[in-house]
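In what follows, a structure is listed as C-alpha cells, so that the remarks can point back to it.
The values are calculated or read from the model by the stated rules, or taken from the named source; none is laboratory data. Remember, predicted model here, so these are calculated numbers, not experimental data. Quick reminder, even Gly has a Cβ in these numbers, built from the backbone with ideal geometry, and neighbours come from all protein chains shown. The accessibility values were calculated without ligands, DNA or RNA, using every heavy atom of the protein model including side chains. Shrake-Rupley method; radii C 1.70, N 1.55, O 1.52, S 1.80 Å.
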Amino acid sequence: QKETYAVLKADSDSGKLNFIGNVEARGLALGDCDVAVADGFTGNIALKMYEGVGKMLAKNISDLFKKRK
C-alpha cells in the first residue's frame, strides 16, 4: 500500500493524473473520488456493503408502497 501510494503520488506530482490520496469510507458514497484503488478483500467488502444497502433500501421503499391503501 505504501509503495502504491508513493507511485500514484509521484505521477500526480508530475501531472500525469489527479491523485487525491486516501479517502474515508463515507467518501466513496459521497463521491469524493471517481476511482478508488483497494486490495481485493477491502474492495469486495465495500462493494458487498453497497449492494446490501441498495437491496435494503429497495425493499423498504417497496414495503412502504405496499402498506399504502
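Candidates (i) 61, 23, 15; (ii) 43, 21, 16; (iii) 47, 22, 17; which is the computed Cα extents along the principal axes in Å?
(i)
Suppose every Lys and Arg Cβ carries +1 and every Asp and Glu Cβ carries -1, with no other charges. What dipole size does the chain come out with about its Cα centre, to the nearest 20 debye?
So the magnitude is around 800 debye.
Please list 3J(HN,Hα) in residue order for segment 25-36, calculated via the Karplus relation 6.51 cos²θ - 1.76 cosθ + 1.60 where θ = phi - 60°; whole Hz, with x for glycine and proline.
Each residue of segment 25-36 in turn: 4, 5, x, 5, 6, 8, x, 5, 9, 8, 9, 10 Hz.
May I ask for the angle, rounded to the nearest 10°, between helix 40-67 and the longest principal axis of the chain, with both axes built from Cα atoms and the value confined to 0 to 90°?
20 degrees
How much accessible area per residue does the chain have, in Å², with a 1.4 Å probe?
91 Å²
How much of the accessible area of the chain, in percent, comes from carbon and sulfur atoms when a 1.4 Å probe is used?
The computed percentage sits at 58.
Work out, step by step, the length gained on full extension between K66 and N22: first 0.36 nm times the residue separation, then minus their alpha carbon distance; give nm to one decimal.
Difference between extended and current length: 11.6 nm.
Where a Cα-Cα gap under 30 Å defines reach, which lysines qualify for K59, not counting those fewer than 8 residues away within the same chain?
K48, K67, K69
Counting Lys +1, Arg +1, Asp -1, Glu -1, what net charge surrounds V53 among other residues with beta carbon under 14 Å of its beta carbon?
Around V53, the surrounding residues sum to +3.
Between helix 2-13 and the chain, what is the angle of the helix's C-alpha long axis to the longest principal axis, kept within 0 to 90° and rounded to the nearest 10?
80 degrees
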